[in-house]
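Some notes on the structure that comes next.
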Amino acid sequence: MSTFTSSFARPDPGRPGVALVSISRLQSLCETVAPRYAGRAKFFSVREGYGAAVAALQAYVDAGSVDVVLAAGSNGAYLRDNLNVPVVMVKVNGFDVLSAITRATTTWPNAQIGLVLHETISHELADLSAWLKVGLKQRAYRSIDEVRLAVDSLAAEGCSVIIGPGMACDFAQQAGLASVFLYSLGAVEEAFERSVELARVSRQKESKRVRLNTIVAHLRDGVAAFDEAGQVEAVNPAMLELLGLDREQDVPAQVERAVGPLLRETLEHDLPIEERIEQIGGRALIVNCVPIVEQGARSGSVVTLQDALVAQRIDRSLRTSQRPKHLVARHQLDDLIGDSAALGRVRRLARAGAAHDATVLLTGESGTGKELVAQGIHNASRRRGNPFVAFNCAALPEGLIESELFGHEEGAFTGARRGGKPGLFEIAHTGTIFLDEIGEMPPALQSRLLRVLQEREVMKLGSGRATPVDVRVIAATHRDLHALVEQGAFRADLYFRLNLLQIELPPLRERREDVPQLARHLLSRSALQYGLSAAALERVLTFLAPLFERYAWPGNVRELDNLLTRAAIYPGEAAQDWAAVFPEFGRMTQAVAGEASANGSREPGGASGSNPSGKTVPARTSATREDVLRALEQVGGNRAAASRALGIGRTTLWRLMKDEPTA
């Protein structure tokens, strides 16, 4: 029949779907009744039972094609327990049973009759058997196997006619017995009526639920829902505000005029609009226009608008709150620039320490690159790819340090975040936590940190339960922790716990041979940012080289980086007034500038012996080879001291020393 389909079908947006499940004679009655309901529902015929029927129906259910299943007997009971859609049972009433008994006694007078019913027998019929003058025996079943057993049992007791469902009739015929089908056309019609109405209501509820969820999910922004014809179905106040619409006028018409082009575009191209910036009503808005799909078919669209300025503020807030630099290690140990023996030792110790999870203590002056080494150790360890959390122990007051490191439960203190907050040790779980300036940690918190290192667990403020953590600790300080221990300012047990693997980073003045290479690396990085040309970069490095040799670098690599960034920003100004641009060098800038002029070297941004303003740099009186030898004799052969005494660079001193003596 054209009313049915037995193959997989897409959901019908206009009619609900009803699956008719039968493995026996009930199917013929269903096919008789179904055409009367063809306009109200779409029917799917499934000629399977029990587990096979569930497997056949699941695809329909998942696709939204079937809203209700119609079945009978134990097959229907099984489907009801194993499907997540309603199952309507064809019910047998007393009139159906009496009608079947009448047909049996009329056709086979004086025959012993067996009645097979689902789940339970009818005690009322047992009482009426004598009055009806019928030899009636009953059996109940709950599965196919029990149907066969029931028929065999009734046959053994002398029943020659079996009344029951289709399976009972089939088994009776196989046993050579007569049979009467129990289900009536009226029972099937009543089941159809209930199935179609239930499917209609179920389809409506599902449609409303999908639409409501789609709209509610966008309530924070301006939201408008449209049907398939482009008519407004719902619009929220935020949408009216963003579009600047008059609420006293025809709101649907205003909304359609404002966003109608977006709807037409998505329909024409069959593509959603996602996060597009549009100027609507004089405002920059982030626009989304996506279809609403119900039961696999498009039934409308939803348009959302968001103020672009609000999105920018949210983005800034997220960037600030997430603090990605505390979660990611960007540097490798190979980022340590220099070939000095002191730096090589740092690399070797760091790589050896990275192979294990032992606590590392980094010591050295401020600006020597302790955090870079910590990140390099993390990225060289098995924990790379996991969180790297950095925390400066000197950056916050004592109360906030405790909350940041160990976290807190809701209500732990005034102003505590609702729902509580995980500490940095928990955030660093499976990764590394870098505790910078550990020597500044307040004494009261040193004991808590010691417990974390010993027990590998943290306890939040306000909590009575400890949380295990798997975290590697790297600490750093520019202070002498041993001296602090002797002064009673730092716990001795914490110091010895931290001082397992110690790596001391040398100051820049103790590895001067690395300065030129390091300076070139840092200035090249600044050149890309500030647009310094390659030629200007070389002039800056040439001019600053003598200063690199003489300066003590109290700020170490950090100071060198700042100085070179300044040179990249002000190359021309530096040539005009070195003392103003580099006050750190004091009188040395004047000597170097004079030496550059005397030797005919080019200053950054200017020509030899002059600056961009055209003013001549005063030339220093040229030293001779005899001056150099005399100066070396006076300072005991110290070439650096001789250079300073003569006000010349080491390169000039070497050149003069190699000059042949005049005859």
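For the range 153-167, 3J(HN,Hα) computed residue by residue from phi via the Karplus equation (6.51, -1.76, 1.60; θ = phi - 60°) reads 5, 5, 5, 5, 8, x, 6, 9, 10, 10, 10, x, x, x, 5 Hz, glycine and proline entered as x. The label point for GLN231 and the one for ASP335, both projected 7 Å from the Cα toward the Cβ, are 6.2 nm apart.
For a test of the definition: using alpha carbon positions, the gyration tensor, and the 1.5 limit on a/c, classify the range 325-506 as rounded, prolate or oblate.
prolate
With a cut-off of at most 14 other beta carbons within 10 Å, and DSSP calling the residue loop, which trypsin sites (Lys or Arg not before Pro) in the range 235-316 qualify? Please list them.
Answer in residue order: ARG247.
For VAL54, VAL515, VAL328, the sequence from fewest to most other C-beta atoms within 10 Å is VAL328, VAL54, VAL515. Compared with the direct C-alpha span, the chain from ARG384 to THR32 gains 119.7 nm at full extension, assuming 0.36 nm per residue. Across all directions, the average flat footprint of the convex hull enclosing the Cα atoms of the range 217-313 is 6.2 nm².
Charge tally for THR368 (other residues, Cβ to Cβ under 11 Å; Lys, Arg +1; Asp, Glu -1): -1.
Within 10 Å, Cβ to Cβ, of SER24, how many net charges do the neighbouring residues add up to if Lys/Arg are +1 and Asp/Glu are -1? It works out to a net charge of +1.
Reported to two decimal places, what Rg/Rh ratio describes the range 457-548 when computed on Cα atoms with Rh from the Kirkwood expression?
Value, to two decimals: 1.24.
Between ARG639 and ARG142, the simple spin-label model (points 7 angstrom out along Cα→Cβ) gives 10.3 nm. Phi-derived couplings, Karplus 6.51 cos²θ - 1.76 cosθ + 1.60 at θ = phi - 60°, listed residue by residue for the range 496-501: 6, 5, 6, 7, 8, 10 Hz, with x used for Gly and Pro. For ARG558, the shell of other residues with beta-carbons less than 11 Å away shows a net charge of -3, using +1 for Lys and Arg and -1 for Asp and Glu.
May I ask you to list the GluC sites (Glu not before Pro) in the range 62-150 that are in a DSSP loop and have at most 10 other Cβ atoms within 10 Å of their Cβ?
GLU119
A Förster radius of 35 Å, combined with the Cβ-Cβ distance separating TRP108 from ASP81, puts the computed FRET efficiency at roughly 0.40. Model label points for LYS205 and GLN174, set 7 angstrom from Cα along the Cα-to-Cβ axis, are 3.9 nm apart.
Remark: the ALA52-ILE277 segment gains 75.7 nm on full extension, using 0.36 nm per residue and subtracting the alpha carbon distance.
Readers should treat all values here as calculations from the given coordinates under stated rules, not as data from a laboratory. If you're wondering where the values come from, they're calculated on a predicted model, not measured in any experiment. Backbone-built Cβ (ideal geometry, glycine too); neighbour counts: all protein chains shown.
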